[in-house]
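One structure is given here, and the rest of the page talks about it.
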Amino acid sequence: MMYDSMIIGSGAAGSVVARKLAEAGEQVLVLEKRPHIGGNCYDRPDDYGIVIHEYGPHIFHTSEEDVFQFLSQFTDWRLFDHEVAANIHGRLLPVPFNLNTLSMVYGEAEAKELKKSLIDAYGAGSRVPIMRLRENPNPKVRAIADYVYENIFLHYTMKQWGQKPEEIDPEVTGRVPILISYDNRYFQDKYQGMPKEGYTAMFQKMLDHPGITVRLSVDCKDELTFLSDRVVFAGEAFTGKIIYTGALDELFDCEYGRLPYRSLDFHFEHFAREDFQGRSVVNYTVDQEYTRITEFKHLTGQTDVDGTTIVKEYPFAYTGADGEIPYYAILNPENKVLYQKYAAKLQGLPNVYLLGRLAEYKYYNIDTIVKKALQLAEAIRR
Ligand code: UDP
C-alpha cells in the first residue's frame, strides 16, 4: 500500500489531520503507540461501568466556531457551563477568583469597597492575571492579590509545578485570571462540555474513513528511521508527508538530554454511594498532596450506573521511566532552547511536520490543537 501521509499519534492532533487529509483524497496511515486511539482524551468505562478519563479530566471548551462545527460532525454534545470550586480550609469558593468569591471571603460590606477598587483599577468585566494583580500600587488591591496568591495559586502551583507562581511562565497562571465580574464559570468560552458519547467515540468516528488506516500498539521507531536527509519506511525513503505528534526528544533518543515535563499520577477511587462531592471538580489550593478531585459523573452526566468514581491528581517530575507519561511541557527559556536544538534536526526533512502539545512542546487546550490541525491539513493537503 502506498500512503500519501503518515501520522504518528492518534490524539486530537493526529486524528484531525488524518481526517482532513483523507477527505482531501489521501491515503493516510496512522501509527499509534498505545493500544487505543484518542491520546490523552481517551475515555472508557471503568470496572463499575462509570466512564472515566484515563489520562485526567478533559473539559472541552471553545469559542472557535470552525472548531466546534468540525467536531460536531463526529459527536453530539452535552453542553454545560463548567464551574470549579477551590477547597480553602474546608470552605468551597468559586475559582477563578471573581467578585462572588470576593464577597464570600470579605463579607458583603467590606467587599463593596474592594469591588470598587478593582473595577476602578481594571474595568468591569476584565480578566487580570494574578501576577499583574500583585503589582497594583493600591494597598487594598494588593491585599486582595495577596489573599488570592496565597490561597489559590501558591500551594496549588507548588504541587503542580514544584515551583512558585513567580518562577513559572506567566502564561500558565494567566490561564486562570482573576475575573472582575460575577461569572463563576471556569472558562468563558461559548461552547463548553463533553462529547455526548465520550471522546473515544468522537475520535473513533473521525478516524472511520476509507482513506485512513490505523495501526495500534506500534512504536513509530520500529517502522520509521529518521535520518538527516530522509525518513526510511519499509526499506525505502518515504517521500509522503509525516505528521509527528509525539515527544520530539524521543524521536532522537534524547541525545541532547530529556525535554523536561511534569507528569501526574492518577488515583482513581470508586464509592458505592451516589455522590462524592456534589460537583465535577474541586481544586485543593491550600492543602493535600493532590491538586484536584474530579468526579466523573458530574462531567459526563452519566446516570445509568450505580456508585461514583473520582480521580485525584498527584503531580511529579517526569523522568522518562517506563509507564510515566509527559503531560505538561515546562515552559522556560532553557527548555525552549533545548527544544529548538531537537527541532533543528528536522531541517533536512521538509516533509516532516510537528503538531500538538508534545511535538511542539506547548501548553495547548484541545480546541487550539484542533484549530492548528485543521490549519496544517489545509496547508499541506493534496
Ligand atoms: N492554578 C492554581 N490554582 C487553581 C487553578 C490553577 O494555582 O486553583 C494555576 C496552576 O499553576 C495551574 C495553572 O494555574 O497549573 C493553570 O491551571 P489550569 O486549570 O488551566 O490547568 P490544567 O487544567 O491545564 O491542568
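No value in this document is a laboratory result; all are computed from the given coordinates. These figures come from a predicted structure and were not determined experimentally. Here Cβ is always computed from backbone atoms with ideal geometry, including for glycine, and neighbour counts include all displayed protein chains.
Things to note:
- Candidates K20, K112, K362, ranked by Gaussian network fluctuation over the chain, Cα under 10 Å, top entry: K112
- Residues considered: Y48, Y199, Y284. Largest GNM mean-square fluctuation over the chain, using C-alpha springs under 10 Å, is found at Y48.
- For the chain, a simple Cβ point-charge model (Lys and Arg +1, Asp and Glu -1, everything else neutral) yields a dipole of about 860 debye relative to the Cα centre.
- Of the GluC sites (Glu not before Pro) in segment 273-335, those whose Cβ has at most 14 other Cβ within 10 Å and which sit in DSSP loop: E274, E289
- One decimal place: the segment R273-D219 gains 15.3 nm when fully extended, by the rule 0.36 nm per residue minus the C-alpha distance.
- Charge tally in the Cβ shell below 10 Å around S10, where Lys, Arg are +1 and Asp, Glu are -1, S10 excluded: +2
- Estimated distance in nm for a label pair at Q73 and Y147, the labels positioned 7 Å out from Cα along Cα-to-Cβ: 4.9
- Dipole of the chain, positive end: most advanced residue of V172, H89, Y318 [Cβ charges, Cα centre]: V172
- Helix-only mean residue ellipticity at 222 nm for the chain, each DSSP H run of n ≥ 4 adding -39500 (n - 2.57), per residue, nearest 500: -8500 deg cm²/dmol
- For K190, the lysines whose Cα falls under 18 Å of its own Cα, not counting residues fewer than eight places away in the same chain, are K371.
- For segment 267-364, the gyration tensor built on C-alpha atoms gives a prolate shape. Its axis ratio a/c (a ≥ b ≥ c) is at least 1.5, and a/b is the larger of a/b and b/c.
- Based on Cα contacts under 8 Å between residues 6+ apart, the chain shows a relative contact order of 27 percent.
- Dipole axis of the chain (+1 Lys, Arg; -1 Asp, Glu on Cβ), positive-most option in A109, Q160, L376: A109
- DSSP beta bridges in the chain [antiparallel fraction, %, rounded to 5]: 70
- Aspartates and glutamates with Cα under 14 Å of K20, excluding same-chain neighbours fewer than 8 positions away: D4, D66, D208, E378
- Other residues lying with their Cβ under 14 Å from the Cβ of V141 contribute a combined charge of +1, Lys and Arg counting +1, Asp and Glu -1.
- Dimensionless Rg over Rh [the chain; C-alpha; Kirkwood]: 0.99
- Partners of K164 within straight-line reach, counting lysines whose Cα lies under 25 Å from its Cα and excluding those fewer than 8 residues away in the same chain: K140, K312, K336, K362.
- Selected from G193, V218, L207, residue furthest toward positive end of dipole (segment 167-313; charges at beta carbon): G193
- Neighbour net charge for F187 - beta-carbon separation under 11 angstrom, K R +1, D E -1: -2
- Choice from V148, V337, V30 showing the highest fluctuation, given a GNM over the chain with Cα pairs closer than 10 Å: V337
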